[in-house]
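Report on the following structure.
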Amino acid sequence: MDRRRAERLSRLLSLILRHRPEAFGLALDPHGWVDLEALLEAVRRQRGWEDATVADVQAAVNLPGRRRFEVRDGRIRALYGHSVPVQPEGSPQRPPEWLYHGTAPERLRTILTEGLRPQARRFVHLSLTPLQAREVGLRHSANPVVLTVLARRAHEAGVAFYRASADVFLAEAVPPQFLLPPEDRRTVAPATPAPARSAPP
């Protein structure tokens, strides 16, 4: 499968697994999983995808860049980005000291006042690096801004963080006191190490 067709299939998989599984005759389990063969049957019912194969789905899953899907034990799921009710798999994780969030400049004032909220999605998406956050922000603005999230401090205050993939963390919300605006260059002292019992293996 060529790159362009794999990208088209990836967009279709996102629609099905993140937003409208019921419209394609599918039901996700509580963590977003669905049987791979059932998904493939739903894909084949779409115009232009009548001859889609498991290998085609795997090509879409393996596209370079940020990992969006996972295939395991004959099932498939989207790792993040859901607007339908799902719960991240596994327990909350102790995050790095800092995480980052890219957004449009016009949203900055509201975010710094109200905190980060998921809007139309189920969770706020946070990146490991400012560069990754800026790449995400480019989907919303030609000139995105990147906020620094004091993730460790938020975690110690009770905010639950989930690891969705190698470079994406999820949170239901992040209060404004744990956000630094783009122009804030102050040095932030590391948070006090959390007790061992609060850091799942």
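When the residues of the range 1-25 are filtered to those that are over 21 Å from the mean Cα position of the chain (by Cα) and among the hydrophobic types (A, V, I, L, M, F, W, C), which remaining residue is modelled with the lowest pLDDT?
Of everything passing the filter in the range 1-25, MET1 is modelled with the lowest pLDDT.
Looking only at the range 12-46, filter to residues that are assigned to a loop (DSSP other than H, G, I, E, B) and in contact with a strand residue (DSSP E or B) (Cβ under 8 Å, 6 or more places away or on another chain); which one of those is surrounded by the most Cβ atoms within 10 Å (Cβ to Cβ)?
Residues of the range 12-46 that are assigned to a loop (DSSP other than H, G, I, E, B), as a first pass: 20, 25-33, 45-46.
So of that shortlist, the ones also in contact with a strand residue (DSSP E or B) (Cβ under 8 Å, 6 or more places away or on another chain) come out as 26-28, 31-33.
Working: LEU26: 16, ALA27: 9, LEU28: 19, HIS31: 12, GLY32: 26, TRP33: 19.
So the residue we want is GLY32.
Can you pull out every residue in the range 56-103 that is among the polar types (S, T, N, Q) and not in a helix (DSSP H, G or I)?
If the condition is that a residue be among the polar types (S, T, N, Q) and not in a helix (DSSP H, G or I), then ASN62, SER83, GLN87, SER91, GLN93, THR103 are the ones that fit.
Does ALA52 satisfy the condition of being out of contact with any Phe, Trp or Tyr (no Cβ under 8 Å at 6 or more places or on another chain), part of a helix (DSSP H, G or I), over 16 Å from VAL168 (Cβ atoms) and among the hydrophobic types (A, V, I, L, M, F, W, C)?
On the way: out of contact with any Phe, Trp or Tyr (no Cβ under 8 Å at 6 or more places or on another chain): yes; part of a helix (DSSP H, G or I): no; over 16 Å from VAL168 (Cβ atoms): yes; among the hydrophobic types (A, V, I, L, M, F, W, C): yes.
Answer is no for this residue.
Spot the failing condition for VAL86; the list is (1) in contact with a strand residue (DSSP E or B) (Cβ under 7 Å, 6 or more places away or on another chain); (2) of a type in the set (A, V, I, L, M, F, W, C); (3) closer than 21 Å to HIS19 by Cβ, and only one is missed.
Checking VAL86 against (1) in contact with a strand residue (DSSP E or B) (Cβ under 7 Å, 6 or more places away or on another chain); (2) of a type in the set (A, V, I, L, M, F, W, C); (3) closer than 21 Å to HIS19 by Cβ, the one that fails is (1).
When the residues of the range 73-83 are filtered to those that are touching a residue at least 24 places away in the same chain (Cβ under 8 Å) and loosely packed, with under 15 Cβ neighbours inside 10 Å, which remaining residue is farthest from ALA157 (Cα to Cα)?
Looking at the filtered set, the residue picked out is GLY74.
The values are calculated or read from the model by the stated rules, or taken from the named source; none is laboratory data. Note that the structure is predicted; figures quoted are calculated from it, not measured. Quick reminder, even Gly has a Cβ in these numbers, built from the backbone with ideal geometry, and neighbours come from all protein chains shown.
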